[in-house]
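Scroll down for the structure; my scribbles are underneath it.
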Amino acid sequence: MELKRILQMLFKLEDGLVIETVLIPCERGRNTVCISSQVGCAMNCQFCYTGRMGLKRNLTTSEIVEQAVLARRLLSSEVGPISNVVFMGMGEPLHNIENVLKAADILVDEQGLHFSPRKVTISTSGLVPQLKRFLRESNCALAVSLNATTDEVRSWIMPINRKFNLNLLLGTLREELQSKHKYKVLFEYVMLAGVNDSVEDAKRLIDLIQGIPCKINLITFNPHSGSFFKPTTREKIIEFRDILAEAGCVVLFRWSRGDDQMAACGQLGKPGEIQAPVLRVPSQFQAVLEAAA
């Protein structure tokens, strides 16, 4: 089965800033539009190209919703109906929670775009107070970008972990999901060669997610200019996946699409002259990254 090519759209806003929206076609008819919630991003995740931009500003509710409206209007005739919306474009959605909640309400409302709440997914790097609010006020799906099994690694590649560490983040999910009926969080795990892809990482991940109704999505890292990370090999990802599956975890494996267009996960945006800082590499990983360079 040949996968259709990802479609990337650039939108110039009234103030001249530019955001990116991506349509991901699927042969099974489950077409997904990936929308942005901010111009740039303040989270500075070290593997993410958008994070190099820093944060320019939040998008308004209408600027968020119009991405889905225009994708449906301009591209449905080419790829078929759009059934899914994911807030996984530029920005940290829960850092713009007021407008994201309003936009999500419009996307699922019968008088709005009438998507199923289960088909609208908001992704977060782990802003715990906003995450609590989201789970209490919205019926849309939640994806949490996890990407590490120790605080040392996660605080390096995702600085937000220095404020909301793994214990706090996962404990909050464990507690909040007790009151959500038939609700599962999606953990996103970007595989970085030599950083978070060991057998020990897989075993730690199994322990970390105990008691949390969830699925795990293993994602290949999409290289970009200036990045010192390398993607985990397919064989190692499969080994990692099998360890999780044998322990009873529900595991998805998403091979990269759109990386040749700089339209894949973590590749959106265009850093300017002033960029977010590259953080110091922990000593135990320096040799690994130098060997991969």
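Do the sum for the chain: with -39,500 (n - 2.57) for every DSSP H run of n ≥ 4, divided by all residues, what is the mean residue ellipticity at 222 nm, to the nearest 500 deg cm²/dmol?
Mean residue ellipticity at 222 nm (helix-derived): -9500 deg cm²/dmol.
Expressed as cubic angstrom per residue, what is the convex hull volume of the alpha carbon set of the stretch 1-144?
Spread over its residues, the Cα hull of the stretch 1-144 gives 116 Å³ apiece.
Three principal axis extents, largest first, for the C-alpha atoms of the chain, in Å?
Principal-axis extents of the Cα atoms in the chain, largest first: 51, 46, 42 Å.
Cα-based Rg (one decimal) and Dmax (whole number) for the stretch 51-118, in Å?
Cα only, the stretch 51-118: 12.7, 38 Å (Rg, Dmax).
Only loop residues by DSSP count here, and only those with at most 10 other Cβ atoms within 10 Å; note down the trypsin sites (Lys or Arg not before Pro) in the stretch 23-58 that meet that.
ARG28
With a 1.4 Å probe and all protein chains left in place, how much of the accessible area of the stretch 1-144 comes from carbon and sulfur atoms, in whole percent?
49 percent
Counting only DSSP beta bridges with both residues in the chain, tell me the antiparallel percent, nearest 5.
Taking every DSSP beta bridge within the chain, about 35 percent pair in antiparallel fashion.
Got a number for carbon plus sulfur as a percent of the stretch 146-261's accessible area, 1.4 Å probe?
With neighbouring chains kept in place, the figure for the stretch 146-261 is 49 percent.
Relative contact order of the chain, please, whole-number percent, based on alpha carbon pairs below 8 angstrom and at least 6 residues apart.
18 percent
Keeping all protein chains in place and using 1.4 angstrom, which order do HIS114, HIS224 fall into by accessible surface area, from largest down?
HIS114, HIS224
Given H placed 1.01 Å from N in the peptide plane, which residues other than close sequence neighbours of VAL120 have an amide H under 5 Å from its amide H?
For VAL120, whose amide H was placed from the backbone, the distant partners under 5 Å are VAL85, ALA141.
Show me the GluC sites (Glu not before Pro) within the stretch 37-135 that DSSP assigns to loop and that have at most 10 other Cβ atoms within 10 Å of their Cβ.
Those that pass, being in a loop and sparsely packed, are GLU110.
Per residue, how many Å² of accessible area does the chain show with a 1.4 Å probe?
Accessible area per residue, the chain: 47 Å².
The values are calculated or read from the model by the stated rules, or taken from the named source; none is laboratory data. Predicted model only: the values in this text are computed from it and were never measured. Using ideal geometry, Cβ is built from the backbone for each residue, glycine included, and neighbour counts are taken over all protein chains shown. Note: accessible area is taken over every heavy atom of the protein model, side chains too, but ligands, DNA and RNA are not part of it. Shrake-Rupley method; radii C 1.70, N 1.55, O 1.52, S 1.80 Å.
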